[in-house]
Amino acid sequence: MVSWSGHVVPFIVTVAVWFIATGLVAWADNRERATFSRSLAIGGAGGIAGLIVILIASQSVSVLAVYVAFIGALLVWGWHEIGFLTGASAGPRRVPIAPGVRGLERFRQASATVMHHEVALALTALLLISLSWDAPNQIGATVFVLMFGLRLSSKINLFVGVPNTTTEMLPPHLDYLKTYFGANRMTVLLVLSILAIMGLAAWFAVLAISAPVGSAEMVGASLLFTLCVLGALEHVFLALPFRDGMLWGWALPARRREAPLAAPVPPIRNDRT
């Protein structure tokens, strides 16, 4: 039986927070560069607060503690996203891909564009896992690790190639990243990625349905189920002619919303990998 408090409310909360948080991060990272230091400071304060919140909430198994840990994980994630999209923690390589490269050299150059960000995410995931080890409430660490896995899957698929590489929300100073995207094509990897994420969502759905009604376990599993559904949806967007601005145009400056009217600069494609 579907529970309003245990299934529906967590679903609504997750979708609402995902939509608003994504828009706020896009808004902050598409502003003038002079505002980046302030955004990084605010994001850093939020990230540290999120770590503290997760640590405190991990000692409680109440429904409120699950929501608090969930918000804490998103604060930490938002900190990393702001750091990456402002360019503060992207990677040592910040130029377009060298012409004609492919294979391992292409992978090496692409990895160098996001290396700092990926290492920071991995270290944070390990930190959260260690802080939550044997704790009664591990939702904070689980949410962060799940989002890390979903984002890593998206990046790998973009590198290999997807049918739709529309990135209106990518700040202008990171436009060079588009040159590392693979050819516009449908791949088996993208299909398998969507199926795997939906399979994980189904597992969390079973946990949510079988948990005691109104329990912290039910709420936590519902939150994770919704994150998986949103992750699968973002992967589906990579296969469909979907524009970021359709959902988050309100968060982008006018110059970015009007960008599709201009002829985009095509990225350097490498059909052979």
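Keeping to region 176-212, report how many residues are outside any loop (DSSP other than H, G, I, E, B), farther than 27 Å from GLY6 by Cβ, touching a residue at least 24 places away in the same chain (Cβ under 8 Å) and of a type in the set (A, V, I, L, M).
Qualifying residue count, region 176-212: 3.
With out of contact with any helix residue (DSSP H, G or I) (no Cβ under 6 Å at 6 or more places or on another chain), of a type outside the set (Lys, Arg) and surrounded by fewer than 19 Cβ atoms within 10 Å (Cβ to Cβ) as the only criterion, which of LEU207, LEU233 stands out?
LEU233 is the lone residue from the list that is out of contact with any helix residue (DSSP H, G or I) (no Cβ under 6 Å at 6 or more places or on another chain), of a type outside the set (Lys, Arg) and surrounded by fewer than 19 Cβ atoms within 10 Å (Cβ to Cβ).
Return the pairs, sorted by first residue and then second, in which the second residue is part of a helix (DSSP H, G or I) and open to solvent by 40 Å² or more (accessible area, probe 1.4 Å), the first residue lies in region 221-248 and is farther than 30 Å from VAL66 by Cα and among the basic types (Lys, Arg), the beta carbons are less than 8 Å apart, and the residues are 6+ apart or on different chains.
ARG243/PRO260
Farther than 30 Å from ASP175 by Cα and crowded, with 16+ Cβ neighbours inside 10 Å - does that describe any residue in region 15-27?
The answer is no; no qualifying residue exists.
Which one is nearest to LEU238 (Cα to Cα) among residues in region 126-154 that are touching a residue at least 40 places away in the same chain (Cβ under 8 Å) and touching an Asp or Glu at 6+ places or on another chain (Cβ under 8 Å)?
So, considering only residues that are touching a residue at least 40 places away in the same chain (Cβ under 8 Å) and touching an Asp or Glu at 6+ places or on another chain (Cβ under 8 Å), the one nearest to LEU238 (Cα to Cα) is SER154.
Between a first residue in region 81-105 that is more than 24 Å from GLY44 (Cβ to Cβ) and a second residue that is among the aliphatic types (A, V, I, L, M) and open to solvent by 20 Å² or more (accessible area, probe 1.4 Å), which pairs have beta carbons less than 7 Å apart while being 6 or more apart in sequence or on different chains?
PRO96/ILE268; ILE97/ILE268; PRO99/ILE268
Looking for whichever is under 14 Å from TYR176 (Cβ atoms), of a type in the set (Lys, Arg) and out of contact with any Gly (no Cβ under 9 Å at 6 or more places or on another chain) here; the options are ARG93, ARG102, ARG108. Which one fits?
ARG93
The values are calculated or read from the model by the stated rules, or taken from the named source; none is laboratory data. If you're wondering where the values come from, they're calculated on a predicted model, not measured in any experiment. Counting neighbours? That spans all protein chains shown, and the Cβs are built from the backbone with ideal geometry, glycine included. Only protein heavy atoms, including side chains, enter the accessible area calculation; ligands, DNA and RNA are left aside. Shrake-Rupley method; radii C 1.70, N 1.55, O 1.52, S 1.80 Å.
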